[in-house]
């Protein structure tokens with residue numbers, strides 16, 4: 001809580017007056033106030049730049065250097081001021097933190113210098129206000145990455161620990177060829193053979209001169225059939241071995257088989273095996289020839305070797321919708337223009353535009369400004385529409401392309417930003433959570449320590465009970481007193497969220513178990529179930545009275561957690577010892593009277609339940625059962 | 001601080017009149033930058049000492065540099081004091097109770113009554129708070145609203161568990177105590193009479209005397 005909120009304490013106390021007539025119990029006494037000395041101005045000399053502030057301002061944060069007695073080490077008697085040999089520009093921000101409760105991060109400053117100053121003055125960087133926190137985190141992360149990069153490049157040649165299994169080592173070698181020499185060799189060998197295989201496929205089809213008993217030139221594949229066959233066999237063997245090794249080393253075989261790269265591998269080597277299996281049957285050899293086309297897919301195996309190819313593939317996949325749009329618009333235009341051209345050229349004799357599908361070819365060639373010239377319009381109308389076609393072709397193709405490009409860059413940057421934001425959101429939520437829970441927990445801790453001690457905060461501090469961690473103790477004590485008054489007014493107390501849920505569940509179970517022995521008043525299971533209902537699916541609950549209303553307080557603040565609250569009762573102390581022991585003994589019974597009576601008032605039940613509740617509770621020895629019992633009362 | 005600035009210290013905290021509309025607030029900010037009334041004047045009108053007024057104003061001005069407190073600020077402050085529950089409804093009622101004649105009267109006056117006034121004045125103020133429509137009668141509905149607002153501040157995780165009827169029951173108890181002639185409303189006289197006869201209430205009213 002910002003210490004500046006202490007300024008609003010009078011308003012809050014005024015609010016408390018509104019509760020007085022409503023409460024049925026006497027209010028707790030307010031804490032005594034220390035006699036406060038006159039507020040003094042403190043002079044801070046930071047490397048020659050003088051700052052002045054009230055002593056109270058500095059003491060708002062008693063666990064920092066300036067707020068505690070640690071600053072006395074820097075007191076300079078001759079000039080009667082506190083001298084710090086630090087950077088005055090950054091000190092300005094630190095002093096502002098004391099004044100306003102918000103720490104800002106100056107963008108021009110170096111992050112490590114700022115961090116050093118913060119640690120010198122004992123301020124944790126997590127307090128940085130939301131306005132500057134993202135920036136701070138970004139800079140910090142960049143800095144750390146830079147440091148890490150430097151370290152990594154040093155460590156790059158270190159051998160990895162030998163505790164990985166053989167299989168895992170192999171997998172790492174496959175995925176990251178730079179880890180070991182063997183992996184590198186393997187990487188290059190497979191790359192070489194991919195290249196060789198692709199080259200062989202290409203060269204196979206080159207005409208290689210005449211053979212004896214043939215008229216035309218034969219392709220090299222037929223002339224040196226054996227050589228090519230041997231080459232092919234060697235390549236396929238290497239690929240097969242590689243595939244099997246990868247399959248063996250993969251941590252999740254199923255996932256590996258489903259992955260794109262493995263599919264490519266399989267498709268690359270399948271034709272060979274199918275060719276082996278098949279005989280020289282004329283019927284199937286046609287199909288077989290088609291299958292050999294798939295050998296060209298071996299070239300895609302290069303994508304393991306090239307990150308750029310992978311990125312391109314990902315880009316196309318992510319821009320699939322835009323590509324689809326491009327295709328669709330092109331198709332529309334083609335159909336329109338082909339139809340028009342067909343009907344325009346219908347009249348002329350000897351026209352090549354024999355049908356609309358035949359005109360498709362003309363339209364495509366014209367729109368992409370290729371213009372082969374194998375089909376040309378001869379009529380005037382045809383020429384007019386032909387020129388319109390070519391002009392619009394440029395437009396239709398030029399328009400979606402920037403969309404795709406911009407889409408790509410947008411998607412790329414978006415994913416970067418989303419990840420950053422997700423990481424920061426978690427930390428900022430955690431921070432808010434921590435601050436709120438700290439405030440609430442401090443109150444509950446105060447309650448127990450405050451009740452025991454005679455409203456003397458010094459004593460309780462000495463006794464080792466940390467009242468508050470970071471905030472002005474005087475203010476916190478006052479605030480706790482206010483919360484205490486609120487509890488007294490409403491006859492309810494603040495409890496820990498976890499215990500609350502646990503007690504809900506326990507009670508629900510107990511209630512369901514003891515439903516037979518029940519309960520004339522509908523209110524108890526009613527209220528208890530209704531409190532748990534928002535937390536669970538209602539279907540799982542079969543409550544005797546189904547007319548329960550949802551939602552106690554609509555504003556379920558998920559960030560408000562409150563610490564443990566135990567209700568000590570006379571006959572339950574022994575079983576409570578496992579819990580926070582300091583609470584149990586400290587609470588005098590007479591101060592609990594209002595609570596006890598309050599419990600009876602607010603949750604009326606028949607006496608019949610009480611022994612039942614007692615029994616069930618005494619059988620189970622958890623502390624939570626005690627809560628169960630009391631609430632069953 | 002210069003002496004001159006200290007001179008002009010005061011708690012002339014004006015509520016942004018009527019509408020909590022933020023757009024209007026922005027437009028009005030330039031005109032609604034509050035100059036406080038003289039320190040002497042406030043000293044005469046309220047029961048705070050000079051020093052207390054200084055401390056009050058300084059702390060307040062630090063928190064609220066523009067000098068304007070509107071309902072949103074109120075809700076904010078109270079939600080910081082009572083984070084476990086939802087303090088906004090109660091803050092709303094409080095805000096209306098402070099601003100009695102709705103033309104920007106001082107909060108400091110209100111505070112002076114609450115923290116330094118006689119018990120009679122405090123009870124008057126409390127009655128004013130409960131009487132939402134300011135018609136001189138507290139009806140059960142008004143009291144129920146107030147009670148719900150108070151219980152809202154407790155939040156969900158309470159012990160014993162907060163139920164739907166708890167505020168209503170509490171209102172019933174209250175009315176049984178206060179409504180002497182059983183006419184379903186509580187007038188100011190009934191209220192003050194009853195409170196003065198109740199020891200607990202009288203004692204509680206004395207609690208908050210100090211400022212800080």
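We did not get these values from a lab; they are worked out from the coordinates using the rules stated. None of these values were measured; they are calculated from a predicted model. Here the Cβ is made from the backbone with ideal geometry for all residues, glycine too, and neighbour counts use every protein chain on show.
For this structure, a couple of remarks:
- Anisotropy class of region B:77-156 from Cα gyration tensor, a/c 1.5 cut: oblate
- Overall dimensions of region A:229-275 by Cα: Rg and Dmax, Å: 11.3, 35
- The alpha carbon convex hull volume per residue for region A:54-132 rounds to 91 Å³.
- Here, P(r) means the percent of Cα pairs in each 10 Å bin from 0 to the largest distance; for region A:289-349 it is 18, 21, 25, 21, 13, 3.
- Difference of contour (0.36 nm per residue) and Cα-Cα distance, residue A:310 to residue A:254: 18.0 nm
- The mean of 1/r over all pairs of different alpha-carbon atoms in region A:335-395, once inverted, gives a Kirkwood hydrodynamic radius of 11.0 Å.
- Cα gyration tensor shape of region B:113-212, rounded if a/c is under 1.5, else prolate or oblate by comparing a/b with b/c: oblate
- Shape of region A:239-372, Cα gyration tensor, a/c cut at 1.5: oblate
- The alpha-carbon positions of region B:117-160 define a convex hull whose volume is 102 Å³ per residue.
- Among A:85, A:39, the order by Cβ neighbours within 10 angstrom, fewest to most, reads A:85, A:39.
- Extension gain, residue A:292 to residue A:76: 0.36 nm times the residue separation minus the Cα-Cα distance gives 68.7 nm.
- For A:481-492, mean number of other protein chain Cβ atoms within 10 Å: 5
- Footprinting exposure proxy ranking of A:92, A:246, fewest other C-beta atoms within 10 angstrom first, gives A:92, A:246.
- Shielding by other protein chains, B:163-169, mean Cβ within 10 Å: 6
- Calculated P(r) of region A:1-135 - Cα pairs past 24 Å, %: 42
- On the beta carbon distance between residue A:397 and residue A:196, with R0 = 41 Å, the FRET formula returns roughly 0.60.
- Relative contact order of region A:252-386, taken over Cα pairs closer than 8 Å and 6 or more residues apart, is 17 percent.
- Cβ crowding within 10 Å, taken as a proxy for footprinting-reagent exposure, orders B:122, A:505, B:134 from fewest neighbours to most as B:134, A:505, B:122.
- Convex hull per residue volume in Å³, alpha carbons only, for region A:179-264: 112
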